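I have placed the structure first, in the form of structure tokens, so that the comments after it can refer back to it.
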Amino acid sequence: MDQETQEKIKELQIYEQNFQILLMQKQTLQVELTEVKNALSEIKNTKEDIFKVIGQIMIKTNKEKTEKELQQKQEMLLLRLKSIEKQETGITKELEILRKDIMKKIR
């Protein structure tokens, strides 16, 4: 195997590692987004006081203010997810190109 092919293989491995990291970040954001959506749903459905956990304490909080904060957090998470999905698409294309190049040179 020539030097160029070995370099391509190393590049492919780096892209695959980056892709795995990106997928983990995406999964974390999706979980957080689900939690925010569930919290928003619960806030909308309750007529009672709501509480917020800060550190190791729970405090009574303003319903409208908390709902607005959660909506902003949801928007931010959606933007971050969109950004990660664009990166995911780019890395996927690069991986396909590198794999094809390597397979051509190996055969």
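The values are calculated or read from the model by the stated rules, or taken from the named source; none is laboratory data. All of these numbers come straight from a predicted model, not from anything done at the bench. We place every Cβ from the backbone using ideal geometry, glycine too, and count neighbours over all the protein chains shown.
Quick notes on this structure:
- Scan of segment 47-79 for residues that are closer than 14 Å to VAL36 by Cα, among the basic types (Lys, Arg) and part of a helix (DSSP H, G or I), ordered by number: LYS68, LYS73
- Of the residues LEU29, LEU12, LEU78, the single one that is among the hydrophobic types (A, V, I, L, M, F, W, C), closer than 30 Å to ILE102 by Cβ and touching a residue at least 24 places away in the same chain (Cβ under 8 Å) is LEU12.
- Note on segment 27-55: among residues that are of a type in the set (S, T, N, Q) and at pLDDT 95 or above, the one that is farthest from LEU81 (Cα to Cα) is SER41.
- Odd one out for LYS82 among (1) at pLDDT 95 or above; (2) more than 15 Å from the chain's Cα centre (by Cα); (3) in a helix (DSSP H, G or I): (2)
- Against the test of being at pLDDT 95 or above, within 19 Å of the chain's Cα centre (by Cα) and exposed (fewer than 11 other Cβ atoms within 10 Å of the Cβ), the options MET58, MET24 yield a single qualifying residue, MET24.
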